[in-house]
Each structure stands twice: as structure tokens, then as C-alpha cells.
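Below is one structure, written out as C-alpha cells; the observations come after it.
The numbers here are math on the coordinates, done by the rules we state, and not lab data. All figures in this text were calculated on a predicted structure; none of them were measured in a lab. Virtual Cβ from ideal backbone geometry, glycine too; neighbours counted across all protein chains shown.
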Amino acid sequence: MKFALVEGGRREAEPGFSGKCPACDDAMIPKCGKLRVWHWSHLVARVCDHWWESETEWHRTWKNQFPADRQEVVQWAENGEKHVADVKTESGVVIEFQHSNLRPEERDARETFYQNMVWVVDGLRRKTDRSRFFASLTVATVINLKPLTFLLRSNENALLREWAGSRVPVF
């Protein structure tokens, strides 16, 4: 996680700090090495949100495009289920940034949980994603000019096939 609660406020990981998880209130420690993005980790091996994934620099850079108070917002369902949204906008839209592969079942579960959401997907995860995506655009149908929106055939490449079943916008 990027933020933990330190002395009552949200703080980014820094050496020497200790904090509490905003989702489960367990103790967290900062991980501030040279190889990975600085982040908070639960003191005891625990994942309080089973959708949690390690963050890449790509993921962190996207989150940083939004104000800190809109990042890592804990969302609760009536049944007590909770998840940490990457970003929740002022208008209530959840934005999830996805770099790694995501099983369709988990994608569906996230879309059902958040409902009012969009995905921002790393279209450069595989070496061929960019070239195949742009090749798909050459045979795409423009369905809207503002904003420019295309109808793409999902069988053209793996990136499109992976996200074709989404019920929410994918960027």
C-alpha cells in the first residue's frame, strides 16, 4: 500500500515510520528499499484485501495523477466485504489500474463490487500488445467522435480478448 495511518493521518512509507493499515487497522511497516516502489507492508504476513497486488512503477505513476486523498480509498459493502480502490473520484467513480494479468472471474467480482468504475489497463505488458492493438484500429469502426470511441474485434489480439467481457469502460 502507498498509505498507512501514522499519528492519525495518511502518510507514505518512509524509513523509521510505523503505521496502521487503513483497511484493517493492523500494524504496518515501511518497505523502503532500492529495488521496489516504497510501500507499506503488514507487520504480520496478512493480506486484508484479497485483491491486493504488488504495485509496479506504472501503477504508482497512474495513481499519482490524482490527489492523495482520492488514492487507496477503502470501500465497504453492506455485508462487511471491503476492498481498497486505487482511486475514487470526487464524483464517486472508482478507477482501477491493472498492469498484471487478471482472471475473468476476479475482473467480474471487482466490477460487481465497485459497480461505478472504469479500468485503465497497461497496453504494453506483452511485447506484441502495442503493435497488435494499433493494427486492430485499422479495421475498427468509429462509433463516436467525442470522445473518440472505436468498436474493435476482440479476436484480433490477446489484450482485446482479455478485456472483451468487461461490463465497464476499459481504457
Q. So how far apart, in nm, are the two label points at Gln75 and Val142 if each is 7 Å from Cα heading toward Cβ?
A. 3.3 nm
Q. Under the rule of -39500 (n - 2.57) per DSSP H run of 4 or more residues, summed and divided by the residues of the chain, what mean residue ellipticity at 222 nm is obtained, to the nearest 500 deg cm²/dmol?
A. -5000 deg cm²/dmol
Q: Beyond 22 Å, what share of the Cα-Cα pairs of region 6-90 is found? Please give it as a whole percent.
A: 24 percent
Q) Fully extended, how many nm does the chain gain between Phe17 and Ala158 (0.36 nm per residue separation, minus their Cα-Cα distance)? A) 46.5 nm
Q: Could you work out the relative contact order of region 1-85, using alpha carbon pairs under 8 angstrom and six or more residues apart, expressed as a whole percent?
A: 23 percent
Q: Apply 1/(1 + (r/R0)^6) to the Cβ-Cβ distance of Arg10 and Leu124, taking R0 = 25 Å, and write down the FRET efficiency to the nearest 0.05.
A: 0.25
Q: In vacuum, with every alpha carbon of the chain counted as one equal point scatterer, what does the Debye formula give for log10 I(q)/I(0) at q = 0.10, 0.14, 0.15 Å⁻¹? Two decimals, please.
A: -0.45, -0.82, -0.92
Q) Relative contact order, percent, of the chain when contacts are C-alpha pairs under 8 Å separated by at least 6 residues? A) 13 percent
Q: With a cut-off of 13 Å, note down the residues of region 1-23 whose backbone N falls inside the zone around a label point 7 Å from the Cα of Trp38 toward its beta carbon.
A: 2-4, 11-18
Q: Given the peptides 108-120, 131-143, arrange them by the average over their residues of other C-beta atoms within 10 Å, most packed first.
A: 108-120, 131-143
